[in-house]
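Let me begin by presenting the structure, written as structure tokens, before commenting on it.
The values are calculated or read from the model by the stated rules, or taken from the named source; none is laboratory data. Predicted model only: the values in this text are computed from it and were never measured. Cβ placement follows ideal geometry from the backbone for every residue including glycine, while neighbour counts extend to all protein chains displayed. Side chains are part of the model used for accessible areas, which takes the heavy atoms of the whole protein and leaves out ligands, DNA and RNA. Shrake-Rupley method; radii C 1.70, N 1.55, O 1.52, S 1.80 Å.
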There are 2 protein chains.
Amino acid sequence: MKYIDKLRNSGLRPTKQRLQICKILFDVEKTFHFTINELDQKIKKQIGNKISLATIYNTVHAFEKKGYLKQIPINSNQAYFDTNVTDHHHFYDLKDEKLIDLENSDVGPINILKKINGKKIKSVEVLVKLED
Amino acid sequence: MKYIDKLRNSGLRPTKQRLQICKILFDVEKTFHFTINELDQKIKKQIGNKISLATIYNTVHAFEKKGYLKQIPINSNQAYFDTNVTDHHHFYDLKDEKLIDLENSDVGPINILKKINGKKIKSVEVLVKLED
DNA sequence: CACCTTTTTAGAATCATTATAAAGTAGATC
DNA sequence: GATCTACTTTATAATGATTCTAAAAAGGTG
């Protein structure tokens with residue numbers, strides 16, 4: 001029920017596929033990071049059936065637009081998404097290609113002094129790359 | 001001469017193509033941001049002749065590895081490189097898809113409190129996304 | 001010059017992502 | 001619940017950046 005309302009309130013029809021993806025993404029204790037490919041695997045394993053890749057892309061992008069997911073800026077050959085949409089940062093382990101959350105309190109306040117005319121700040125993201 | 005030495009000192013043979021790319025990347029007052037595609041265009045325009053795309057990729061990656069370039073972490077369909085390898089940060093204008101330098105002094109010190117066992121910090125990069 | 005290694009190159013291959021357009025479904029209206 | 005319309009899903013093709021391949025070219029050393 002909760003996801004039906006969530007989707008309806010965002011102007012997204014609560015289709016079977018979207019509800020299944022919601023279940024996988026949001027029906028867990030902890031937030032997590034994923035790629036489209038990893039999500040596809042998870043759907044196959046947990047739901048049994050398969051959802052078309054195009055639908056997965058569509059849904060993830062729709063959720064991102066609605067603010068239910070965010071994309072994490074890293075140089076990778078594929079896009080990483082985060083179910084934690086609160087203001088926080090990341091470690092990126094270059095060797096394992098894994099992301100680790102960095103709480104805001106682990107970084108401290110960041111005050112951007114420079115201003116750009118006519119533009120406003122949408123987000124401030126810190127990426128800390130790790131090596132061995 | 002200076003680029004010949006620079007390349008030799010890094011264990012890279014100073015080939016015609018590498019020297020031409022050095023000229024374009026480092027023979028200018030200001031540092032700048034570029035994509036492979038933009039670099040390719042610039043080579044065609046400034047040098048006249050064409051360097052194979054594969055060579056441009058190879059060279060840029062070699063220079064990155066040697067620390068003469070760095071890649072900027074943003075979510076884009078293509079990789080952005082920076083000729084400024086000093087410790088600094090970026091604005092990313094989401095509308096224009098343009099990068100703007102953010103000096104360290106415009107951000108202030110960032111102290112990462114969290115430690116990850118067995119890993120050390122290679123870089124700390126701040127990306128500030130801008131919207132209208 | 002002769003030799004060996006590194007580099008360049010065109011073109012093919014790869015792989016994530018996006019577009020297409022046909023079939024299916026949700027939700028409103030009667 | 002039948003009907004209609006707009007929104008979704010889907011398989012598949014298309015795109016586009018990047019990487020691979022393997023043959024030709026060039027650098028460097030003796």
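Rolling a 1.4 angstrom probe over the protein heavy atoms, how many square angstrom per residue are accessible across chain A?
Normalised by residue count, the accessible surface of chain A is 57 Å².
Could you work out what % of the accessible surface of segment A:1-47 is carbon and sulfur, using a 1.4 angstrom probe and leaving DNA, RNA and ligands out of the count? Each step should come with its number before you reach the end.
Working: 1460 of 3090 Å².
Answer for segment A:1-47 is 47 percent, counting heavy atoms of protein chains only.
Could you pull the copy-to-copy label distances for A:VAL85, with points set 7 Å along Cα to Cβ, in nm to one decimal and sorted shortest first?
The projected label point of A:VAL85 is separated from its counterparts by 4.0 nm.
From the label point of A:ILE116, set 7 Å along Cα to the beta carbon, how far off in nm is each other copy's matching point, shortest first?
2.8
Might you work out the accessible area of B:LYS120 for me, using a 1.4 Å probe with all protein chains in place, and round it to the nearest 10 Å²?
The accessible area comes out at roughly 110 Å².
In segment A:86-130, with Lys and Arg counted as +1 and Asp and Glu as -1 at Cβ, which of these residues, A:LEU94, A:LEU130, A:LEU113, has the Cα nearest the positive end of the dipole, that is, farthest along it?
Ranked along the dipole, the leading option is A:LEU113.
To the nearest Å, what is the center-to-center distance of segment A:54-115 and segment B:24-72, using C-alpha atoms only?
Answer, in whole Å: 28.
For A:87-96, what's the mean count of beta carbons from other chains sitting within 10 Å of each residue's beta carbon?
Shielding by partners across A:87-96 averages 2.
Compute the Kirkwood hydrodynamic radius of chain A, taking the inverse of the mean of 1/r over all pairs of distinct Cα atoms, and give it in Å to one decimal.
16.5
So for the pair B:ASN77, A:GLU97, with labels modelled 7 Å out along Cα→Cβ, what separation do we get in nm?
Inter-label distance under the simple model: 2.2 nm.
If I model a spin label as a point 7 Å beyond the Cα along the Cα-Cβ vector, how far apart are those points for B:ARG13 and B:LEU113 in nm?
5.4
At B:ASN37, with labels set 7 Å past Cα in the Cβ direction, how many nm apart are the copies from this one, shortest first?
Relative to the other copies, B:ASN37 has label-point distances of 2.3 nm.
Just from its helices, what would the mean residue ellipticity at 222 nm be for the protein assembly as shown, if runs of 4 or more DSSP H residues each count -39500 (n - 2.57) and the sum is divided by every residue, rounded to the nearest 500 deg cm²/dmol?
-10500 deg cm²/dmol
Give the average over all directions of the projected area of the C-alpha convex hull of segment A:1-45, one decimal, in nm².
3.5
Give the Kirkwood hydrodynamic radius (Å, one decimal) of the protein assembly as shown, defined as one over the mean of 1/r across all pairs of different Cα atoms. Show your work: numbers first, answer last.
Values: mean 1/r = 0.0479 Å⁻¹.
Answer for the protein assembly as shown: a Kirkwood hydrodynamic radius of 20.9 Å.
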